[in-house]
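The next block holds one structure in the form of structure tokens; read it before the comments.
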Amino acid sequence: MTLNGLAVGCIYGLVALGFVLIYKATELVNFAQGDLLMLGAFVAYMAVVWWGLDYWVGFAIAVVVIAVFGALLDATVLRRVIGQPQFAVVMLTIGLGAMFRTFASVTWGSEIYTLPTPFSGVWTVGGVTLSHQYLSIVAGTLVLCGALYGFFTHTRIGVAMQATSQNQLAAYYMGIPVKLIFSLIWAISAGVATVAGILLAPVTLIDINMGLAVALKAFAAAVLGGFGSIPGALVGGIIIGLIELYAGATLPEGFKDTAPYIVLLLMLAVRPQGLFGTLGRKKV
Amino acid sequence: MRFVFKTSYAQDIQLFRDRMDAFWYVLLAAAVALLPVVMSEYYVGETTWVFIYAICGVSLMVLVGYTGLISLGHAAFLGIGAYAHAFFIKHGVPWVAAVALAVVITTACGIIVGLPALRMSGIYLAIATLAFATIIQEVFSRWESVTHGFAGMPVEKPVIFGVSFAHDTAFYYLCLFFLVVSLWLTRNLLRAPTGRAWVAIRDSEIAAQSMGVNIAIYKSMAFAYSAALMGLAGALFAHKIAYLAPDIFTILLSIQLLLLVIVGGLGSLHGAVFGAIFVALLPPVIAILRDSIPATLSSVAGATGLSLFGAIGEGVGAFLRKPGVEAGIFGLILVLVILLEPLGMYGRWMKIRVYFSTFPMYKRATFKRQKTYMRSERLR
């Protein structure tokens, strides 16, 4: 059972990771992250079921398509609002999210779809049943995080991204193409959301509202971990996933959905900067 | 162009800029009061929605537009007001007392939410209010002895001092009365030191603090006042909708309220009213277009003999009939407003007014926005 919580937590962590990547680099908060996840899952479904492609090919197509879409979104829409109040950006991405949902419901209809996956068996280890679905989520998260870690520390572009998110102006003076880097970060973030969506698809099934619920929890996860901290996002996601599961199992009905938020509010009251966050004071 | 010659500082904060201004508002009030005479019952009902949304808009405008605090959970306050009012009405409390109690309860909730909010800003506040709203929504559906959960809770028609406001037209005037009162109260607060302190906090918290504004007190006040207005709106909302259920007060309603203040224009009371007109009247307008566009275009196709028009009309009609399209249209308008006209409908209205009052001399550059590159909110 802990594995289930861990797996759902990993999804929250991945979506939260997408929030944090974008926030660290561009200071934009992307409320449409959950809807990117939904779009990714739909594209994968279309590739696998409608076109009859292999699961892994569909996976790759979905990630690439949504990543390109994310980059284009940054280049055409979100770049224009950099520097405007954060509130405007939040509302802008909420509006975009609503548009994506409408697009999905017009294109794919509002039915619920099932994505066939190669992970269907179970392993029994010492009397405990481990379903491949949940294991695949945890494994996928681990692989993806390892890959991202390697990318950010060992490649030129990754290091350039780190530099850009630390100090935009200085990075620009060092000859880093900041605009391109922003678009790439959006692409990575959208790609991560797609992976999360495809991994989640067998658990929650695919419908147009699958992203919204996940995004709200993931948002809580990102804040719990301290907005702007990558390990914090993952840890926060896993904590939220576990809390949700154990609250659902042990507390009275109704606490499953609210317990993460109650913990979040307590956390914000005690330590507003989150688990791994740092709090600065503006100096004049 | 008219210039107002100012001879004292008191002129800066008077209720109306000059007599002309006052005259126009009185004319507007008279026109709105006479509307039910010329309108059909259906439109009287829709206009009542405009008034209720406008009270919500004023409430949110104080918090978001004037104090600069984000709240993604205002539907929860609306719900608390609505349920509290319906509960007291059901238990035989007189109408005025029930409204007063509902307002007091929402105000208390506003202060409770506002207190932890003092330490947070920006995105943390947004998520905290969102968490609060989620919890409250769960409370609405679980606390069945008060809210009747998902079974729903019918609300009786308002009866004030023995006078029944059951008729749509009577209820229209009731809502109009409360809208005018809340606009007047808010305008008075905004032109007093309280309002200037709020604006100062919005523009720069540190500067406000340096000037001696007690941030904690004024932020809590903004939350409390905003929640109080929301409670009032909730009481009217309960009567208007007549049947309360927990799934009315979701995050989507909160977002719709935020959409209202943004489309209307942040930082102006006019904006709250403009936004309310927009939010309340767009769904009926879409419903009308859904039927009239295919009909018009097919008649055009019949007249010109081009079947293309008919096909386009059918396509548009079918598209508008799909589920969830309305949310997408709201989203699209939100995106366009933020990108093209951040001051919303009020900003556009101001530009049009300036265009005509300076007629041949209008310059676009008057309203040119300063180019911004990056503003860090991390160090606040």
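Key figures for this structure:
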quantity: Yes/no for B:GLY92 being part of a loop (DSSP other than H, G, I, E, B), among the small types (Gly, Ala, Ser) and more than 14 Å from chain A (Cβ to nearest Cβ); calculated: yes
quantity: Qualifying positions in segment A:60-84 - more than 8 Å from chain B (Cβ to nearest Cβ) and surrounded by fewer than 21 Cβ atoms within 10 Å (Cβ to Cβ); calculated: A:ALA60, A:ILE61, A:VAL64, A:VAL65, A:VAL68, A:PHE69, A:LEU72, A:ALA75, A:THR76, A:ARG79
quantity: Test result for A:LEU205, on the phi > 0 side of the Ramachandran plot and open to solvent by 20 Å² or more (accessible area, probe 1.4 Å); calculated: yes
quantity: Residue within segment A:24-34 that is at pLDDT 85 or above and either among the β-branched types (Val, Ile, Thr) or not in a loop (DSSP other than H, G, I, E, B) (or both) present; calculated: yes
quantity: Filter result for A:GLY241 (under 17 Å from A:ALA16 (Cα atoms), of a type in the set (Gly, Ala, Ser) and at the interface with another protein chain (Cβ under 10 Å from one of its Cβ atoms)); calculated: no
quantity: Hits in segment B:330-354 (condition: free of Cβ contacts under 8 Å to residues at least 40 places away in the same chain, more than 11 Å from chain A (Cβ to nearest Cβ) and open to solvent by less than 90 Å² (accessible area, probe 1.4 Å)); calculated: B:GLU341, B:MET350, B:LYS351, B:ILE352, B:VAL354
quantity: Some residue of segment A:256-277 being at pLDDT below 85, facing another protein chain (nearest Cβ under 8 Å), open to solvent by 80 Å² or more (accessible area, probe 1.4 Å) and more than 13 Å from B:ALA131 (Cβ to Cβ); calculated: no
quantity: Close pairs (8 angstrom Cβ cut-off, 6 or more residues apart or separate chains): touching a residue at least 40 places away in the same chain (Cβ under 8 Å) in segment A:188-213, among the acidic types (Asp, Glu) and open to solvent by 30 Å² or more (accessible area, probe 1.4 Å) anywhere; calculated: A:ASP207/A:GLU111
quantity: Segment B:150-183, residues that are modelled with pLDDT of 90 or more, within 24 Å of B:PRO94 (Cβ to Cβ) and open to solvent by 20 Å² or more (accessible area, probe 1.4 Å); calculated: B:TYR173, B:LEU176, B:PHE177, B:PHE178, B:VAL180, B:VAL181
quantity: Residue identified as in a helix (DSSP H, G or I), within 10 Å of chain A (Cβ to nearest Cβ) and in contact with a helix residue (DSSP H, G or I) (Cβ under 9 Å, 6 or more places away or on another chain) among B:ALA311, B:ALA327, B:ALA295, B:ALA280; calculated: B:ALA327
quantity: Residue check for B:GLY68: open to solvent by less than 50 Å² (accessible area, probe 1.4 Å) and not in a helix (DSSP H, G or I); calculated: yes
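Residue-wise test of (1) at pLDDT below 90; (2) more than 21 Å from the chain's Cα centre (by Cα).
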| position | (1), (2) |
| --- | --- |
| B:SER71 | yes, no |
| B:ALA98 | no, yes |
| B:ILE112 | yes, yes |
| B:ALA126 | yes, no |
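The values are calculated or read from the model by the stated rules, or taken from the named source; none is laboratory data. This structure is a prediction, so every number in the text was calculated from the model and none was measured. Glycine gets a Cβ as well: all are built from the backbone with ideal geometry, and neighbour counts include every protein chain shown. The protein model used for the area step is the full one, side chains on, heavy atoms only, and it has no ligands, DNA or RNA in it. Shrake-Rupley method; radii C 1.70, N 1.55, O 1.52, S 1.80 Å.
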